[in-house]
Structures are given as C-alpha cells and as structure tokens.
Amino acid sequence: MDLWIWAVVLLAVGLSLAVLEVFLPSGGLIGFLAGCTLVAAIVIAFKEGSAVGLAVLSTALVGIPIVVTVALQLWPKTALGRRMLLVVPESDDVLPDSPRQRFVKGLVGRVGLAKTKMLPAGAVTIDGRTIDAVSESMPIEVGQTVQVIQVRGRVVVVRPVDKEPQPTDPLKQTYENPF
C-alpha cells in the first residue's frame, strides 16, 4: 500500500478523533491521540513527497477548525450536551408574576389623589384603593392630584399633575407650529 493512502487514512482518523474529543469527556486523552495521529499523517505524507505533504498539512490546518466548529455547533443537540448546558430562561420564567404585580403594572398612566404627604414616600388613592407610592422628585401635598408614571419592581412612582388629563381623540388634535 502506498504511503499517501496511509497519510489520508491517518488524516481521517485524526479528524474523527478531534470530533470525538468534543462529544466525549476524556480529559484531553482523545485530543492528544488526535494530535499524534495528525502529526503522523503529515510526517508520512512528506515521506511520500512534498506535494502530498503540503496537501495533507493544509487539509489538517483547515480541517481541524472546521470539524471542531461543526462539532461544537452540533454538541448542544446531543443528549450529553443537553444535560450539561443550561436552558436559557424566558423572561416570563424569571420575572415575578403575581396578581398584585399585574395590578401594579396596570396602574401606569392612572390618576389618583395623594392620601398622605409624600416626602418622597406616602400613600395615594387610585380608583378607591390605597397604594403605597413614591414621589418622582418633589414633595406632594395631601389631596394633590398625582399620576402614576412608572413601576420599578414593586415600587409605584407618581408625579403631581395640575389637573386631571382629559382623554383626547387623536383624530381631533391640532398642532401648533413652533416656528
């Protein structure tokens, strides 16, 4: 049998061992064997001739990154890969979701009255319910109209408003020319 056939067989075995190293945890033993096999393939190929040696060397240099990259792409789909890698949680799985949290998030944009003086925290009444809230930046007097501007975690943030906002019809809005 010609030497170039042995070089090609050893090259194929070396690339296969490199793939196997990705899939089987061996502590680097299979990777070491893959490296030794590839070096043997290159040495045997150069004994056959410089053209065969350069062909096997370039195939090994290009093939190893390609084969390992493809194996790493396929690894999470294997049984071992699924057991070792964590599943990325969805936002619904991570964020707290309780009836109170849904209620509080639904308050954004609602208008109510300050039940206590807010320096910056206090109580507001919205739709007949008393809710603990925090002023955005300034003190709010008792009875002053406030609007919920955001919810930070479990904290309701309010801002004083001069008057209750009137519902507007976007089709009837007129815009002033600022120029």
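Coordinate-derived values only; no laboratory data. Keep in mind that what you see is a predicted model, and the values were worked out from it rather than measured. Positions of Cβ are generated from backbone atoms using ideal geometry, with glycine treated the same way; all protein chains shown enter the neighbour counts.
Each principal axis of region 3-84 carries a Cα extent, and these read 47, 20, 15 Å when sorted largest first. Seen against the Cα atoms of the chain and their longest principal axis, helix 50-74 is set at about 30 degrees. So for region 95-160, Kirkwood radius off the Cα pairs, Stokes-Einstein at 37 °C and 0.692 mPa s: how many µm² s⁻¹? The diffusion coefficient I find is 286 µm²/s.
With just the Cα atoms defining each centre, how far is region 26-89 from region 136-163? Give it in Å. What the calculation gives is 62 Å, centre to centre. Relative contact order for the chain: 13 percent, from Cα pairs under 8 Å spaced at least 6 residues apart, divided by residue count.
To test your reading of the geometry: what angle, between 0 and 90 degrees and rounded to tens, separates the Cα axis of helix 29-48 from the longest principal axis of the chain? Around 40 degrees separate the two axes. When the scattering of the chain is computed by the Debye formula from its Cα atoms alone, each counted once and equally, what is log10 I(q)/I(0) at q = 0.08, 0.14 Å⁻¹? For the chain at q = 0.08, 0.14 Å⁻¹, log10 I(q)/I(0) is -0.57, -0.86.
Calculated mean residue ellipticity, 222 nm, the chain: -15000 deg cm²/dmol, from DSSP H runs (n ≥ 4) at -39500 (n - 2.57) each, averaged per residue and rounded to 500. Projecting label points 7 angstrom from Cα along Cα→Cβ for residue 151 and residue 26 puts them 5.5 nm apart. When only Cα pairs below 8 angstrom with a gap of at least 6 residues are kept, region 3-84 shows a relative contact order of 36 percent. Taking the 0 to 90 degree range and rounding to the nearest ten, how far is the long axis of helix 3-23 tilted relative to the main principal axis of the chain, both from C-alpha atoms? So the inclination is approximately 30 degrees.
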